[in-house]
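Okay, so here's the structure we're looking at.
The values are calculated or read from the model by the stated rules, or taken from the named source; none is laboratory data. Just so it is clear, the model here is predicted, and its values are computed rather than measured. Don't worry about glycine lacking a Cβ; one is built from the backbone with ideal geometry, like all the others, and counts go over all protein chains shown.
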Amino acid sequence: MATTEHQHHVIHADLSHAHAGEDHWLHAAGRSYELVPHDDASRAEARKAAPHLLSVDDHKLTHFTSEPVMLPRNQVVRVHIKHSLNTFDVADDASHGSTHSGIVQPPAGGDPEAPVHHHINWTSTAAALIFHHPDLITHDPDVAAIVMAFMTDQQNSKRIVGMVSDLATAMSHAGPPTPEGVTPEGWAVLKPMKVTTSNGTSTHYQQVPTQTIIDAAGDVMTAMMIATKNDPKLKGKKWQQQTGDSVQSGSGGAGANLSDTSQPAAQELMTLRAGGSGDNWSAALTISGEQHGLQTSLSIKDASTRTINVKMDNTFIRYLGAYIAFYDADDNLIDISDWDFDCGIPGISAFENKNYRCLGLISAVNNFMAIPITADPGQLNYGDGVDITFPSAKATSAKIFGVGLGTGDIPYGNAIVPGGVMTGFVNLAIPAFLMGFAVAAQSYKPLYKIMEDKKVIAAAVAAGAGFFGVQFGTSAAHHKMNWTALTSLCSILFNQGLTKALAWCEATIVEGEIEDEIPFSGWLVVALNIATGVAQLAETIVEVATSPWFITNTVTEQITSTITVHPDPRHQAWPQGQAGTKSRCEAKMIFKNQGRPTVSQVFDIPANFTDAQIQFAFDGNTLGGEVKIEADFYIDSWLAGKAQSGWLKNEEDITADMTLYLVQLPIPITASSTFKHSAILTYENEAYSWNDTATAPVSTLADLSTSSNANEISECVALALSQRYAVLGQSFKAAGTGLAPATGGGFDTQLFAFQSQNIPGRPMSDVKWMTAGFTYQSELIYDPFPPKFLMKDGQWVLENDRPVPDPEDVDLGCYYVDPRLQDVSLDEGGGFHLRKVDVSGTSDFAPGTLPDPNLLSHGRFPFFPDHTAMHPSGHLIAVNQQAAKVMILNIEQAGKSDADMPVANTNAGKALIADREGFLFRPVALGCSYDGTLLILDQVFSQETSESRVQAFDLLGRPVPCFLDDKGEATSILPIPNDGEVYLDMCVVGNKSMTYIFILYYTGNGKSPTDYNVAIYGFGEKAKSSEMTPIVTTNKVPAARIAVDMWHTLYTLNYQMVADTAGKASGPITSHAGPAGRTVLSISEWLLPVPGQT
């Protein structure tokens, strides 16, 4: 009669391949049941009651249980078929053999007395073997139903069902299991095991699959691992998703505590390093978070004696031995044979040596029906941990290990044994036994309590050590577990010293003898051996198997590490983003081979940020090992700059204060890279500054005026950029400057003047004005090339925390053109002289009064230099439009008197036809690539010809065929549109790898802001499109002159006076200045979109 706790089952069997001459019976939940042969009538009745048997051929439906098989309704039970060994030459006390098995699941609801029919055959046996993998096995009927459905339900997984069928076929071809030594052997070997119980001594037989079957099961086991680990219904039951923390983030300036590493990483290492002495001694864990299921915590017990308390919690279903080793200041192992410490486990000294001592055993996490209860972890020494006192002053550090089954490096082999034996015995062998019974309790906590008895631990370790053989006798760089060695470990359950564990097992089973399930006592290990190569995502035994043998964590002295980040020394300002973008700087500390998460802080860049450095403070840096520091600067999500150190020793004198300089990346130029206005020079509160704004100026050449009544501007001469000094200089002619002419005269006229100031992102500390103006045209000329510094492995070489300048780099200088001697003959020192200016000094530019012996010349032009460009070789190239001449001089850095200064060489001549290389029509602008290709923008409008082009020259004035035309042929001429375009200026950025040409022009009459455009051309080895057409053109850029840096930032000289933030013209109030103050031309900053922006 069935009860509400039990269900009536009928078991049908396929004995078509059974051993002839042997008796067979079913064993289920501790009881044996007769197997009655089927006949036609019984098969018909069975198929009527269980339609799924209709698909079973008669010759495979051979026997059934006529007596009701009563199994619990609240748990899954393994059943199997036993047989006699009458026809085999076996021991006289042999018990029985075994053949097919199956996993019987209770039905969901229904009538307990209504029989549930099952078919035990080759397929059920194959599925049962796979089910015994520790990641799959469970007594829980709901969980088992999900797992078994993958192997039995075609609609759930046709592929896996087919793979189980293939495994069953391989078993059937080999035949039923045979006793060890019998040939041919079946799909499994019946391996004898002597067992002594209260009933006496007898021989039982483990069912151990052959290597052929283990290999055949590999595909289906792998498929089951993947399928179940991806089934959300099994999350928290058969797998736990561990959330790692590879980077721990914090806010810049607030400080990040490096010792608070509360999330998992790849490996655990504990090194104890003494910090200070006496009561000031301190130590901290490198990793305080869970790793490989082990979490270690530390507290200072007595600083004066260097005593700490260490606790270790285990959330995996495995045991670990806790070990310690001490090291001197040079990281050499110390002999601790005389160290006064005893973990209390009898006989543990057999698994210690002079360097590695055992601290105790860490028990497995409690589990219910093989589901880990992570809130109830296994603990070292019942949760109290252990007190550890450093053995001598020589011991400056220590490593604490959690040692158990795993893979990889083994520094001391014997340490594996205590944790390994306990895992194999408690977590693998005993669950395999109990799977065949109806059990009264499913929690393993009582068994773990029994195994906390140190005498019981000693008995288990001593009895089980032999099953590990010699595989852990020595250290090894890489060692894999031989799981086959553990298949017979279950026999130690019957050891006299483990009677308490045996008693628990016997008390747990409702009915039957524990030895009845010996055939399957090694199946968890066998199933594990099938799939230890499968990558897992779970807190399970396979995660255990792929953990390090020695799980380690690091404790060391703590310091605060400060990382100071500077902008790229070539830029001296932080990377700039278009209006509306957000920028941030992230600093990171990355720890080498320690398993510690990378620790990071982020500083959000505020508007108008001009600080010269960003500082990050990382609290709680536990010293030891090696560390690498990195800094990343982002504009939105685009990496605009990066800096990193190499691997540094994590020692206080090295990592207490560290400095990085960014290596900034130019913003890529693409067909969609149009400039947007981002900032404008303003004067407000009696100071110049940059105001972030997306609103561009609207003044054009129509707003120019030659009047001298107020703040009128008549000429926008030039815009110079020094990347070396991070300054911009504008040259112009205007009224209201408050200047008197350098040659003498009144203030009531327009004069040529210039001002220099810092670029956006820099403090406005280098504003330079003039002490006198010029009546003739003059302009500032700056070395435009970025400074060079030594690099190694893509990073700046630092000395005294500053980048080391490249010894080959030369500062070409900053100058202005002095026009005051233009009417003096060249023989008497006349011409247009180059005078040096100090753009970073404390004084304004002072032209002085000629003649002045202290006012040196650094170069002399015979014609007025309408446009100039510096060459990286130290030459200055200029063009004169009227004569169509190219003038080249070698800049004299030391300077000479005016009369002693050589006159520039003159090249080129006036062109008359469009394809005449080497001659010029009317040079409008010129620029030079960073590696020395001179480019001249040439345009002419006349009755004879109308032509616009860019021409390439070398330093000797010879044409350079650096462009590829549409036919792929090299040419020195780049034709540019000539349909009413008026070209104003050009800048060149880059080298032979990729050079960009920025050309400013207007269409129409130039009176509307919409008339103005900037086109970008490109040529070089990395050019991706035709070099004859622009890559991209930006419209509505109302500007008179341009400058571009290596980051592709565009600066424009505007047709208007500097204004305040409200847009009202504004300047310093001085004598003779205009009504709005001193007249200074406005400058704008324009930026390209970073990748990802629209």
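Results, tabulated for the structure shown:
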read-out: Scope region 905-964; condition at positive phi and modelled with pLDDT of 80 or more; matching residues; value: GLY932
read-out: Count of residues meeting criterion [in contact (Cβ under 8 Å) with a residue 24 or more places away in the chain and in a loop (DSSP other than H, G, I, E, B)] in region 960-995; value: 14
read-out: Residue in region 134-141 that is closer than 23 Å to ILE214 by Cα and either modelled with pLDDT of 90 or more or in a helix (DSSP H, G or I) (or both) present; value: no
read-out: Meets criteria (buried (at least 24 other Cβ atoms within 10 Å of the Cβ) and at pLDDT 75 or above) for TRP549; value: yes
read-out: Wholly enclosed helices (runs of 4 or more DSSP H) of region 151-239 bearing at least 3 residues over 25 Å from VAL104 (Cβ atoms); value: 211-216, 218-229
read-out: Qualifying residues in region 456-498 (those that are at pLDDT below 75 and of a type in the set (S, T, N, Q)) - the one farthest from the chain's Cα centre (by Cα); value: GLN496
read-out: Residue in region 743-756 that is crowded, with 18+ Cβ neighbours inside 10 Å and under 46 Å from the mean Cα position of the chain (by Cα) present; value: yes
read-out: Wholly within region 557-662, strands (runs of 3 or more DSSP E) carrying at least 2 residues that are touching a Gly at 6+ places or on another chain (Cβ under 8 Å) and in contact (Cβ under 8 Å) with a residue 24 or more places away in the chain; value: 558-566, 583-592, 598-604, 614-622, 626-635, 638-644
read-out: Residues of region 582-597 that turn out to be surrounded by 17 or more Cβ atoms within 10 Å (Cβ to Cβ) and modelled with pLDDT under 90, as a count; value: 5
read-out: Some residue of region 720-730 being in the same structural domain as ASP1045 (by TED's automatic domain parsing) and without any contact (Cβ under 8 Å) to a residue 60 or more places away in the chain; value: no
read-out: Flag for ALA1023 being of a type in the set (A, V, I, L, M), surrounded by fewer than 24 Cβ atoms within 10 Å (Cβ to Cβ) and modelled with pLDDT under 95; value: yes
read-out: Exclusive hit being among the small types (Gly, Ala, Ser), modelled with pLDDT of 90 or more and not assigned by TED's automatic domain parsing to the domain that holds LEU728, set ALA573, ALA579; value: ALA573
read-out: Residue that is nearest to PRO569 (Cα to Cα) [pool: residues in region 992-1016 that are surrounded by fewer than 24 Cβ atoms within 10 Å (Cβ to Cβ) and aromatic (Phe, Trp, Tyr)]; value: TYR996
read-out: Unmet requirement for SER95, which otherwise passes all of (1) within 28 Å of SER521 (Cα to Cα); (2) of a type in the set (Gly, Ala, Ser); (3) modelled with pLDDT of 90 or more; value: (3)
read-out: Selection status of VAL116, of a type in the set (A, V, I, L, M, F, W, C), closer than 29 Å to GLU45 by Cβ and crowded, with 16+ Cβ neighbours inside 10 Å; value: yes
read-out: Test result for ALA883, assigned to a strand (DSSP E or B), among the small types (Gly, Ala, Ser) and either at pLDDT 95 or above or in the same structural domain as VAL1044 (by TED's automatic domain parsing) (or both); value: no
read-out: 1 or more residues in contact with a His (Cβ under 9 Å, 6 or more places away or on another chain) and either buried (at least 20 other Cβ atoms within 10 Å of the Cβ) or at pLDDT 90 or above (or both): qualifying strands (runs of 3 or more DSSP E) within region 316-403; value: 397-403
read-out: Candidates SER714, SER672, SER705, SER722 - the one that is crowded, with 17+ Cβ neighbours inside 10 Å and hydroxyl-bearing (Ser, Thr, Tyr); value: SER722
read-out: First in region 77-97 and in contact (Cβ under 8 Å) with a residue 24 or more places away in the chain, second anywhere and in a strand (DSSP E or B) and of a type in the set (Phe, Trp, Tyr), Cβ under 6 Å, 6 or more apart; value: LYS82/TRP25; GLY97/TYR205
read-out: Residue within region 862-874 that is at positive phi, crowded, with 18+ Cβ neighbours inside 10 Å and either part of a loop (DSSP other than H, G, I, E, B) or not acidic (Asp, Glu) (or both) present; value: no
read-out: Subset of region 741-769 [at pLDDT below 95, assigned to a loop (DSSP other than H, G, I, E, B) and touching a Leu at 6+ places or on another chain (Cβ under 8 Å)]; value: PHE747
read-out: Condition met for ALA94 (touching a strand residue (DSSP E or B) at 6+ places or on another chain (Cβ under 9 Å), over 19 Å from TYR33 (Cβ atoms) and among the small types (Gly, Ala, Ser)); value: yes
read-out: Residue match in region 80-98 (condition: of a type in the set (S, T, N, Q), over 30 Å from THR197 (Cβ atoms) and not in a strand (DSSP E or B)); value: no
read-out: Count of region 1-38 residues which are more than 15 Å from THR65 (Cβ to Cβ) and surrounded by fewer than 15 Cβ atoms within 10 Å (Cβ to Cβ); value: 6
